């Protein structure tokens, strides 16, 4: 029920995880632990939102274009809503957040998620 069935989505979620780890390690080594943690959180926000998109997009009947479009719009709304909520939580609760690390990692992983259109299903 909560699994990601789409190979392109699974692939970009894995790419996002790799990029998040690299950015967090680089940020931590170059600018300190709070930058590393901020970059890790930024990437994790995007990964969580992508996973929610994939799971929510798989719900409902998709026998015709109308229901499929509504399902994808609901999934996109859930993804954006979760992104906003998680970004707000991190920015308000993590006192030592490094905004450049958080937003930079978040944006890189969001762009990676968009690359799913280039991944083949088989």
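In percent, what relative contact order does segment 7-117 have, based on Cα pairs under 8 Å that are 6 or more apart in sequence? Across segment 7-117, relative contact order equals 40 percent. For segment 42-57, backbone nitrogen atoms closer than 18 Å to the point 7 Å from residue 31 Cα along Cα-to-C-beta are found at 42-46.
Computed per residue of the chain from DSSP H runs no shorter than four, each worth -39500 (n - 2.57), the mean residue ellipticity at 222 nm is -27500 deg cm²/dmol. Summary of the geometry: segment 76-110 and segment 12-28, compared by the centres of their Cα atoms, lie 15 Å apart.
Just order 30-43, 84-97 by mean Cβ neighbour count inside 10 Å, highest at the front, would you?
Ranked by mean Cβ neighbours within 10 Å, highest first: 30-43, 84-97.
Result for the chain in a Gaussian network model with C-alpha springs under 10 Å: among 49, 75, 26, the largest mean-square fluctuation is at 26.
Fully extending the segment from residue 88 to residue 100 would add 2.8 nm, taking 0.36 nm per residue of separation and subtracting the current Cα-Cα distance. Among (i) 1.34; (ii) 0.94; (iii) 1.04, find the value of Rg/Rh (Cα atoms, Kirkwood Rh) that was calculated from the structure presented, and write down its label. Label (iii) holds the value from this structure.
Compared with the dominant principal axis of the Cα atoms in the chain, helix 65-93 is inclined by about 20°.
Put in line by how crowded their Cβ is, counting other Cβ atoms within 10 Å and starting with the fewest, 109, 20 read 20, 109. Report, to the nearest 10°, how far helix 33-57 tilts away from the longest principal axis of the Cα atoms in the chain, using its own Cα long axis and a range of 0 to 90°. Roughly 10 degrees, rounded to the nearest 10. With each label modelled as a point 7 angstrom along the Cα→C-beta vector, the residue 65-residue 5 pair spans 2.2 nm. Can you give me the angle between helix 7-31 and the longest principal axis of the chain, using Cα atoms only, in degrees from 0 to 90, rounded to the nearest 10? Tilt of helix 7-31: around 10 degrees.
Here, each number is a calculation from the coordinates, and none is a lab measurement. Since the model is a prediction, treat every value here as computed from it, not as a measurement. We place every Cβ from the backbone using ideal geometry, glycine too, and count neighbours over all the protein chains shown.
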